[in-house]
Amino acid sequence: MIASACRSAPAPLLLPPFPRASFPQRSSPRLAGRSLHRFLPSTGAGWLSSEGDLLRRGLSPRRCPSCLLPSGLHSASRQEASPGTAKGFPSRRLCFIDSPSSFLDGAKRSMKTLFLHAGHGKTGSSFLQSSLALSADTLLQHNLCYPDLIGNFAAARAGRITSGNIHILKKTLPTWLDDARALAPAHGSLVFSNEHLFGAIRERDFFETLDDVRSRGFTPRILLFVRNPLDHAVSYYQQRIKRSGSTADFGTFLESYDVPAEMLEAIDLLQEYEIEHRLFNYSNHRADLLAIANAWLGLPDSTLALPERTTVNRSLTAAEMALQMAFNRYLGSRSSVFVSDPLCDQLPGLKSEYPAVSYDALAGFLTRMRHSVALTNPHMPPAERYVVPDPDEAIRLFPGCDDESPLMFTRGQVEILARRIARHIKDLESRTPAS
């Protein structure tokens, strides 16, 4: 009876290709417990290849109990999957979909999107987070919710340094999702931003939690930014001085830097788990961040608000670097609250400067980066690939290690430092009992 039905069934529906990231596909697609791979090869038909494809389209993951195809209108016509076409699965009877419009429309209505902006660090994240916080009410009008889950919208809207609206190191993604669902409008999608998500997507355990995200009716979509290695290394080094208490010289820091290799780890896992993601090189798009974010969220141009401060979390001048490193040596990272934090928050327009480095240290780093990006670049969109400069050209940007030029502070910098340090001293005095 089944065989007869299959012989008389209409040709299978050929759906258009599903949108994928612009990366070449790597080998070993993940199948365990999630993917049906391709089936009905004897008909030459191209079918929905996996549940990941459905979820990227925003379709319902619910499946027909008899054939495991996504639930929807389909005929009783079935055909056995050929052995080996769904590796790791027993043969299953698979249904033809005969009413695609009703199926697609109903499934799209049932799924929402969890937009995840994952950085990485020093690629304009604070600027985007400021814009998202300023645009929270506007986003609701477009059925998107960017919830204030960690209480830092006031700082973000003022253009100060924040870490987004979640902190992935403190709670799992499904837990943050549960916290946010009460704030999201009915059938609305959610937007999360946190640079620590970049570290999370390099860990396999994180991707296992995405099953819980899907079970809550959300399909994840990830936005990533990279930055050319030398440009990023300079900015990241200064961030380590500002916020982590680092006292290392720049040449020593370069020895352990290899963010392009970390990005390749992330790309591998994103492709293996079939997660829709978009990747852009911040070095090429400094002026286009809001346009990219609008397009990623499916919003009209100019929807996201332009922050009054177009520079958020700037890097340091040479004098600021030297002063913060000196405080780090004697007081550690807690000194940033009265040195680099107020300077960067209150004087966002100051031009940052490059740290001192030797030619040999810089040339060795750039040689190593050329090898690293040669592995990563083939798996990135061609227009967004890393660029590594020639050392003879790059060294002109840096002072030498023997540079003894005077350190220069403006009157504004001196005023901010004196006011903030004096306030800190007064706070300490107020907590000290009178003798």
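Annotations for the structure displayed:
- Under the condition of being β-branched (Val, Ile, Thr) and not in a helix (DSSP H, G or I), the residues counted in the stretch 191-223 number 4.
- One residue alone among 254, 289, 269 is out of contact with any Ser or Thr (no Cβ under 6 Å at 6 or more places or on another chain), surrounded by 21 or more Cβ atoms within 10 Å (Cβ to Cβ), in contact (Cβ under 8 Å) with a residue 12 or more places away in the chain and hydrophobic (A, V, I, L, M, F, W, C), and that residue is 254.
- Among the criteria (1) modelled with pLDDT of 95 or more; (2) out of contact with any helix residue (DSSP H, G or I) (no Cβ under 6 Å at 6 or more places or on another chain), the one residue 310 does not fulfil is (1).
- Pairs meeting the criteria (first residue in the stretch 182-196 and surrounded by 14 or more Cβ atoms within 10 Å (Cβ to Cβ), second residue modelled with pLDDT under 80, beta carbons under 9 Å, at least 6 apart or on different chains) are 190/184.
- Residue 133 of a type outside the set (Phe, Trp, Tyr) and modelled with pLDDT of 95 or more: yes
For every residue, the table says whether it meets (1) touching a residue at least 40 places away in the same chain (Cβ under 8 Å); (2) surrounded by 18 or more Cβ atoms within 10 Å (Cβ to Cβ); (3) among the polar types (S, T, N, Q); (4) not assigned by TED's automatic domain parsing to the domain that holds residue 141.
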{"residue": "280", "(1), (2), (3), (4)": "yes, yes, no, no"}
{"residue": "284", "(1), (2), (3), (4)": "yes, no, yes, no"}
{"residue": "293", "(1), (2), (3), (4)": "yes, yes, no, no"}
{"residue": "300", "(1), (2), (3), (4)": "no, no, no, no"}
{"residue": "307", "(1), (2), (3), (4)": "yes, yes, no, no"}
{"residue": "322", "(1), (2), (3), (4)": "yes, no, no, yes"}
{"residue": "325", "(1), (2), (3), (4)": "yes, yes, no, yes"}
{"residue": "331", "(1), (2), (3), (4)": "no, no, no, yes"}
{"residue": "345", "(1), (2), (3), (4)": "yes, yes, no, yes"}
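- Residue in the stretch 379-402 that is free of Cβ contacts under 8 Å to residues at least 40 places away in the same chain, in a loop (DSSP other than H, G, I, E, B) and over 24 Å from residue 231 (Cβ atoms) present: yes
- Residue list for the stretch 409-435, filter: closer than 30 Å to residue 232 by Cβ and either at pLDDT below 95 or not in a loop (DSSP other than H, G, I, E, B) (or both): 412, 413, 416, 417, 420
The values are calculated or read from the model by the stated rules, or taken from the named source; none is laboratory data. All figures in this text were calculated on a predicted structure; none of them were measured in a lab. All Cβ positions, even for glycine, are placed from backbone atoms using ideal geometry, and neighbour counts span all protein chains on display.
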